[in-house]
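Report on the structure given below.
Computed from the coordinates by the stated procedures, all read-outs in this text should not be read as laboratory data. Since this is a predicted model, take the numbers as computed values, not measurements. Here the Cβ positions follow ideal geometry from the backbone for every residue, glycine too, while neighbour counts run over all protein chains shown.
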Amino acid sequence: MKSITKILFVADVALKSPSSGSEQVLCNQALGLARTGMNVFAITRQNGSVPTVHRNLDQNVKEACYSASPDNVFKFFGSLFKETSRLFKSFTQDKFFDAAVCHHPFAYFSLLISGKLKNMPVIHVFHSPTHQEYLLLNEQKSRLRNAIPAKARWFIERYCLKRSNKIVVLSHYMKNLIVDTYDISADSIVVNPGGVDLERFVPVSDRSRLKEELGFPREHIHLLTVRNLESRMGLDNLIKAIDIIKKNSLKIYLTIVGEGPERRKLELLIQEYRLTADIKLTGFVSSESLPLYYCAADFFILPTRKLEGFGLVTPESLACGTPVLGTPIGATEEILANFNRNFLFKNATPHAMARGIQSAVKRYFKNETKYNELRCSCRDFAQKNYAWQRHIRQFKSIIVDVIAGRDARLN
């Protein structure tokens, strides 16, 4: 087979400054493949109406990021079809692509409809069902108002999945969800778990000093969660769990990192339960500072109530040596069951979380030697299972196999 030199990435988010989990996966895949010698070209999108931005993220990574505002559906799809085709053409002037890697459905859909991806091997990196995310974000609207937008998203995503040569997911949970939701053959889906930057997320030696620098109160057990402030994340249940724990005279301090539409509702809930001295909403925390919060925390809590596709925060916390307690939702169960089932809550209710947190504190935290051994085992587990280098090796192998299959059919 000829050498693979030119790979196209297509996504509905930008490569620069990744924040969400899907953005981090996109960025790490593009940069990771480039470091193996591939030339990566990316057509990405940002919200708004600013001119297209061209930038080089790496010697072998060229990105063209166009704008499209989702506020007007007709203008959105007009920009989508026009800009993706224009940028595709500009990137193929010297040489056609060996394969395309498509994240998210909309830009991928526009290139399929316009025929730009005809005869090209396509790997679809599937993060989460967009129609289900839409319904969860718009729970306050009537079912009738949600019906058409949700159905349109389902149709677009299924169309993309059906026309992909291979589908890559981060968890077995998401693989099963695709099979059940879109009637896709399991044989076309490959599970390649997400990763963590083991050089950036690394334990620190003086956690007491770090706690002080971050303003964590003394003589408390410090809990951390890093989430988009959305209903499906279950943060309201975690706040209620803290109230239960406080009534049992355990000195707990919870830090919630993240922004989102539920912030005001969470602030009011904290006030209602008189937990303003026990819970802090930090808002956005920079990527440079985030590892410090992981390292300083005594336990990380993942309170998700619905649709947890993988949760990069879990291996990030484990890589920093901080044990993770999580609800048995989605891929969290896969990760923590392989580490230690004791760290899975019975369910996603406040009482189950409160019992799980109190049990972990009693079993591990009150024995300093046992707790320090636990932190070491967290780091070891992340190193062995969730390095980005492992993910990139498997991902490149998938691309090579897909291209080889196309070439064999052509011959």
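Which one, Ala11, Val40, Gln24, is farthest towards the positive end of the dipole of the range 4-77 when Lys and Arg carry +1 and Asp and Glu -1 on their Cβ? It is Val40, whose Cα lies furthest towards the positive end. Computed over the range 207-385, the quotient of the alpha carbon radius of gyration and 2.2 N^0.38 Å is 0.94. Under 5 Å between amide hydrogens, built in the peptide plane, is the criterion, and for Thr327 it picks out Leu302, Thr304, Phe345 among residues at least 5 positions away or on other chains. What whole-number distance in Å separates the alpha-carbon centres of the range 318-351 and the range 109-146? With the range 318-351 and the range 109-146 each reduced to a Cα centre, they are spaced 29 Å. Of the residues Val190, Val169, Val179, the one whose Cα sits farthest towards the positive end of the charge dipole of the range 143-207 is Val179 (charges of +1 on Lys and Arg Cβ, -1 on Asp and Glu Cβ, taken about the Cα centre). Ordering Leu275, Gln383, Ala296 by Cα displacement along the dipole of the range 207-385 toward the positive end leaves Leu275 in first place; charges were set at the Cβ atoms of Lys, Arg (+1) and Asp, Glu (-1). Overall, the chain carries a charge dipole of about 600 debye about its Cα centre when +1 sits on the Cβ of Lys and Arg and -1 on the Cβ of Asp and Glu, all other atoms neutral. A Cβ-based charge dipole, computed about the Cα centre of the range 1-158 with Lys and Arg at +1 and Asp and Glu at -1, lands at about 400 debye. Taking only the alpha-carbon positions of the chain and ignoring solvent, what does the Debye formula give for the base-10 log of I(q)/I(0) at q = 0.12 Å⁻¹? Each listed q maps to, in turn, -1.00.
Each of Lys166, Lys306, Lys366, Lys265 was scored by other Cβ atoms within 10 Å of its Cβ. Listed from fewest to most, they are Lys366, Lys265, Lys306, Lys166. Rg and Dmax, both from the Cα atoms of the range 58-146 and both in Å, are 15.7, 50.
Between Gln383 and Val73, the contour length at 0.36 nm per residue exceeds the Cα-Cα span by 107.2 nm. The phi torsions of the range 369-382, fed into the Karplus equation with coefficients 6.51, -1.76 and 1.60 and a -60° offset, translate into couplings of 5, 5, 5, 5, 5, 4, 4, 5, 5, 4, 4, 4, 4, 5 Hz, rounded to whole numbers, with Gly and Pro shown as x.
Taken as Cα centroids, the range 61-78 and the range 227-282 sit 36 Å apart, rounded to the nearest whole angstrom. For the range 275-292, the Karplus equation 6.51 cos²θ - 1.76 cosθ + 1.60, evaluated at θ = phi - 60°, returns couplings of 10, 5, 8, 10, 9, 10, 9, 7, x, 5, 10, 4, 5, 6, 8, 4, x, 5 Hz by residue, with Gly and Pro reported as x. Within the listed set Gly258, Gly215, Gly32, the Gaussian network model of the chain (springs between alpha-carbon atoms below 10 Å) gives the highest mean-square fluctuation for Gly215.
Per the Cα gyration tensor, the range 135-258 maps to an equivalent ellipsoid with semi-axes of 39, 23, 12 Å, ordered largest to smallest.
Based on Cα contacts under 8 Å between residues 6+ apart, the range 207-385 shows a relative contact order of 22 percent. The lysines whose alpha-carbon is closer than 23 Å to the alpha-carbon of Lys151, local same-chain residues fewer than 8 away aside, are Lys75, Lys141, Lys162, Lys175, Lys306.
In this structure, Asp401 and Thr92 have a Cβ-Cβ separation that, at R0 = 25 Å, corresponds to a calculated FRET efficiency of about 0.60. Under a 10 Å cutoff between Cα atoms, tell me which one of Phe41, Phe109, Phe381 has the largest fluctuation in the Gaussian network model of the chain. Answer for the Gaussian network model of the chain: Phe381.
Distances between placed amide hydrogens fall under 5 Å for Thr255 paired with Leu223, Leu224, Thr225, Lys280, all partners being 5 or more residues away or on another chain. Each label was represented as a point 7 Å from its Cα along the Cα-to-Cβ direction; for Arg355 and Ser205 these points are 4.2 nm apart. Build a GNM of the chain with springs between Cα atoms under 10 Å apart, and of Glu23, Glu373, Glu83 the one that fluctuates most is Glu373.
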